[in-house]
Amino acid sequence: MSAARPGLERQSTAEEAEHDYFAMNDPPRSLQTHSAQAKAFIGHHASRDRRVVLVTSGGTTVPLENQTVRFIDNFSAGTRGATSAEYFLKAGYAVIFLHRQYSLLPYSRHYSHSTNCFLDFLREGSHGSVVAHEEYREEMLSVLRKYNWAKENNMLLLLPFTTITDYLWNLREIAQLMRPLGSKSLFYLAAAVSDFFVPKDRMVEHKIQSSDAAERNIRKAKDSGRETGLEPSVTSVQSKRLVVDLDPVPKFLKRLVDGWAPEGMIVSFKLETDPSILASKAHYSLDRYSHHLVIGNLLSTRKWEVVFVTPGSPDRWIRVPKHRRTKSLSGSEDQVGLAALKSGNAEATEGC
Ligand SMILES: CC(C)(COP(=O)(O)O)[C@@H](O)C(=O)NCCC(=O)N[C@@H](CSSC[C@H](N)C(=O)O)C(=O)O
C-alpha cells in the first residue's frame, strides 16, 4: 500500500486501496459512453421523482494476459440479477442493469438462445408469418408486453461489463452519478465479483506459451521483471505447469457505502458453498460494511432459498416449497420472488 501522500492526512486504507487500484488499472474504453448514458437516464428519472436501482448481474472475469486469450471466470449466469430486475420494474423502479456481457437479461432470459430456445416456441403461420405455438402464446405475449413497456418508457438501461476492472470502474462511476438521488437510489449487488486478480503491472502482454517457447517467454518476462523489479504474475516453468500469482481485489463495498453512495440503500449478496458458515459470513459482511441488507445464498440451493440478514432483526429464510420448484418457462428462480411476495415481504420480492 502506498505511504500517505505528503500534505494530506492519512487516508483510510480503503481510500488508499481505491486510489491505487484505479491508478494502476485503466478504465474500460466504454466508460465514457456508459457514463453519459447513465447520467441521462438518472436525470430523466430524477426529474420524475422516480426511484432508481442499480442491479449488478453475472460474473466478472480475471484476464491472465493483456492480449487476453485466457481468463478466470465463475459460474454466474445472471439469473438472479435478470429476474430481480423484472421485479424492480414491476415495483416501479427505473433499472440500470450492469451485467456481464452476453449473460441473461430481463425478459429475454425466458427464451434464451440455448436453454428454452426461443425458436422452439414459434411456428410458421399463414402468408410466411411467424407465430407462437398456441400453448406458449399467452406467456410469451405477457413477457413481450412487459419488455416493450420497459423499452418504450425508458425504464431499463443495459450496460455490459466483462472484466473485474470494467465492473469496478462502472460501479464507481454510476454510483457517483446516482448520488443526487439520495434515498431514492438503491444498489442491488447480485454480480459474482472476483476476489482476486492480476494487477496490470504484473500482467504478461502476449499469450502464455505452453511449449518450449515457454523458456524464452519466462526469460523475456524475467528480464523485463529485472528492469521493473516485478515478477510476472503468470509463469510456466520447466515442468510446463502454469503458476498463477493473484492479488486480492480491493474491498470496494466499504468505499461504496462510505464514499460513492452514502445515502443509497445498499443490498449485497453473500455466496457460499458451506451451509455452516453462510449466516456468519453474511453477518460479518454487514458488520464490516454497515450497509442495509445482505442476502445470503448457497451455490447449490440459490434458486429456491435465500436468507435475509439485516441489522437488529433475526435472520429470515425465504424458501420455495419443494412441490413448487417446477421448471416453469421462467425457471424456479422466479418463485423465490413470488414466495417472498406471498410471505408479505414486498421488500423481499425486490430483494430476490
Ligand atoms: C451470483 C449469485 C449466486 C446468483 O447466481 P446466478 O443467478 O447464476 O447469476 C448471486 O445470488 C450472488 O450471490 N451474488 C453475489 C456473489 C458475490 O460475489 N458475493 C461477494 C460479495 S460482493 S463482492 C464484495 C467484495 N468481495 C468486498 O468484500 O468488497 C462475496 O460473496 O464475497
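The values are calculated or read from the model by the stated rules, or taken from the named source; none is laboratory data. These figures come from a predicted structure and were not determined experimentally. Methodologically, a virtual Cβ is constructed for each residue, glycine included, from the backbone with ideal geometry; neighbour enumeration extends over all protein chains shown. Each accessible area value is taken on the protein alone, full model and side chains, heavy atoms only, with ligands, DNA and RNA left out. Shrake-Rupley method; radii C 1.70, N 1.55, O 1.52, S 1.80 Å.
Starting from residues that are among the β-branched types (V, I, T) and within 8 Å of the ligand (Cβ to nearest atom), keep the ones in region 268-309 and report whichever is farthest from F187 (Cα to Cα).
V306
Is it the case that R123 is open to solvent by less than 70 Å² (accessible area, probe 1.4 Å), away from the ligand (no atom under 16 Å from the Cβ) and not in a helix (DSSP H, G or I)?
In short, no.
I'd like the full set of residues that are open to solvent by 30 Å² or more (accessible area, probe 1.4 Å) and in contact with a strand residue (DSSP E or B) (Cβ under 6 Å, 6 or more places away or on another chain), limited to region 132-159.
Within region 132-159, H133, M140, L156, L158 qualify.
Among helices (runs of 4 or more DSSP H) lying entirely in region 4-102, which contain 3 or more residues that are over 30 Å from T273 (Cα atoms)?
Per the criteria, 13-24, 31-46.
Considering only region 54-65, I want to know if a residue exists there that is of a type in the set (V, I, T), more than 30 Å from L246 (Cα to Cα) and outside the structural domain of K207 (by TED's automatic domain parsing).
No, the conditions are met nowhere in region 54-65.
Filter region 46-76 down to residues that are buried (at least 20 other Cβ atoms within 10 Å of the Cβ) and either over 28 Å from A91 (Cβ atoms) or more than 12 Å from the ligand (Cβ to nearest atom) (or both), then give me how many there are.
Here the count works out to 6.
Would you call L89 open to solvent by 30 Å² or more (accessible area, probe 1.4 Å) and either more than 16 Å from the ligand (Cβ to nearest atom) or farther than 30 Å from D201 by Cα (or both)?
Answer is no for this residue.
Within region 77-85, identify whether any single residue is open to solvent by less than 20 Å² (accessible area, probe 1.4 Å), more than 13 Å from the ligand (Cβ to nearest atom) and at pLDDT 95 or above, and answer yes or no.
no
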